[in-house]
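Below is one structure, written out as structure tokens; comments come after it.
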Amino acid sequence: MLSLSDGKNLVKLARKTVEDHFSKRELILKKTKFKEKRGVFVSIHTHPKHELRGCIGYPHPVLPLDEAIQRASLSAAFEDSRFQPLKPEEFKKITFEVSVLTLPQIIKVKNPKEYLKKIKIGKDGLIIDFGLFNKGLLLPQVATEYKWNCETFLEHLCMKAGLTVDSWLDSKAKIFKFQTQIFKEKEPNGEIIQT
């Protein structure tokens with residue numbers, strides 16, 4: 001478990017990486033104490049409307065946490081295909097959120113309807129793996145923000161993977177769950193809290 005102090009440092013690292021990119025135009029990795037490999041996502045939101053402006057990350061612990069955050073923050077700001085690249089004039093009007101993931105664990109079921117009892121809304125994030133080209137991930141806070149129940153969460157997970165909404169009922173679908181520690185700015189470059 002990371003402390004709030006650690007979380008504050010991670011959010012500041014995400015913001016500083018994007019800020020530096022506007023002047024340097026290249027990633028010069030900053031070395032920190034966060035060397036453990038962890039899955040992580042960086043989300044950027046507009047302020048005060050809290051509309052998503054970019055979200056990219058690593059579901060699995062493939063990089064040291066500090067490097068993963070720096071790479072994910074740049075990708076969220078400039079490479080999320082759902083949005084135009086972030087412009088310098090937007091920088092003071094966005095907030096950063098860092099979600100540090102536990103290792104994803106497959107949810108074992110005999111009948112797909114059992115997923116509805118094994119997923120906790122607001123606590124569990126989900127990954128669906130449906131073959132080589134159909135994978136999707138939703139962070140736990142997404143279900144909470146949209147007030148989805150478990151079935152709706154699974155349907156949106158399928159859509160994120162480019163599947164039909166009922167693909168989670170298919171025996172070929174592998175569904176994993178994970179938990180997160182979430183640290184975010186309350187306002188641009190402002191107080192950082194854990195939620």
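Coordinate-derived values only; no laboratory data. What you see is a predicted model; the values in this text were computed from it and never measured. All Cβ positions, even for glycine, are placed from backbone atoms using ideal geometry, and neighbour counts span all protein chains on display.
In region 98-107, the count of residues that are surrounded by 15 or more Cβ atoms within 10 Å (Cβ to Cβ) and in contact with a His (Cβ under 9 Å, 6 or more places away or on another chain) is one or more. Scanning region 138-158 for residues that are closer than 21 Å to residue 42 by Cα and either surrounded by fewer than 17 Cβ atoms within 10 Å (Cβ to Cβ) or in contact with a helix residue (DSSP H, G or I) (Cβ under 8 Å, 6 or more places away or on another chain) (or both) yields a total of 9. Filtered by the rule that a residue be of a type in the set (Ser, Thr, Tyr) and surrounded by 19 or more Cβ atoms within 10 Å (Cβ to Cβ), region 171-193 gives a lone residue, 180. Is at least one residue of region 159-174 under 30 Å from residue 10 (Cα atoms) and touching a helix residue (DSSP H, G or I) at 6+ places or on another chain (Cβ under 7 Å)? Looking for residues that are under 30 Å from residue 10 (Cα atoms) and touching a helix residue (DSSP H, G or I) at 6+ places or on another chain (Cβ under 7 Å), one finds none in region 159-174, hence no.
Do we have any residue at all in region 35-46 that's in contact with a strand residue (DSSP E or B) (Cβ under 9 Å, 6 or more places away or on another chain), buried (at least 20 other Cβ atoms within 10 Å of the Cβ), without any contact (Cβ under 8 Å) to a residue 40 or more places away in the chain and not basic (Lys, Arg)? So far as region 35-46 goes, no, none of its residues is in contact with a strand residue (DSSP E or B) (Cβ under 9 Å, 6 or more places away or on another chain), buried (at least 20 other Cβ atoms within 10 Å of the Cβ), without any contact (Cβ under 8 Å) to a residue 40 or more places away in the chain and not basic (Lys, Arg). For residue 41, the requirement of being within 29 Å of residue 128 (Cβ to Cβ) and among the aromatic types (Phe, Trp, Tyr) is met.
Every condition in (1) touching a residue at least 40 places away in the same chain (Cβ under 8 Å); (2) aliphatic (A, V, I, L, M); (3) assigned to a helix (DSSP H, G or I) holds for residue 137 except the one numbered (3).
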